[in-house]
Amino acid sequence: MYENRKFVIFSVTELDLVDFSQVLETSAQTVRKSVDGTLTFVKYDGDMPPSVGALTTKSVEHGYTDMINILQGPDWTSPAGNNIN
């Protein structure tokens with residue numbers, strides 16, 4: 001389904017360096033962040049966009065299935081019942 005879709009995780013400190021016309025997210029304000037707020041990611045189809053390639057804190061490229069597994073982990077999903085209101 002998403003065989004060409006790639007994901008790269010990176011530090012939120014580099015969000016301003018991403019050209020959002022090159023990725024599938026719409027803006028720095030709408031990206032998902034890790035539970036501790038220090039990491040985020042972008043997704044794209046095909047080759048890595050230049051603005052993503054220039055990030056110094058980027059991870060390796062992840063495929064769709066790998067990224068789903070990562071996002072289900074404790075760094076990206078708060079345990080039920082631990083939300084602060």
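Laboratory data are not the source of any read-out in this text; all were calculated from the coordinates shown. Computed from a predicted model, the values in this text were never measured in an experiment. FYI the Cβ positions are ideal-geometry reconstructions off the backbone, even for glycines, and counts take in every protein chain you see.
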Scanning segment 14-24 for residues that are assigned to a loop (DSSP other than H, G, I, E, B), of a type outside the set (Ser, Thr, Tyr) and free of Cβ contacts under 8 Å to residues at least 24 places away in the same chain, the one nearest to GLN72 (Cα to Cα) turns out to be LEU24
Within segment 29-71, residues being buried (at least 16 other Cβ atoms within 10 Å of the Cβ), over 20 Å from TYR2 (Cβ atoms), among the polar types (S, T, N, Q) and free of Cβ contacts under 8 Å to residues at least 40 places away in the same chain number 1
By residue number, the members of segment 43-69 that are among the hydrophobic types (A, V, I, L, M, F, W, C) and out of contact with any Ser or Thr (no Cβ under 9 Å at 6 or more places or on another chain) are MET48, VAL52, ALA54, VAL60, MET67, ILE68
Within segment 25-67, residues being of a type in the set (D, E, K, R) and in a loop (DSSP other than H, G, I, E, B) number 6
Checked segment 13-28 for anything farther than 21 Å from ASP66 by Cβ, surrounded by 11 or more Cβ atoms within 10 Å (Cβ to Cβ) and β-branched (Val, Ile, Thr); matches are THR13
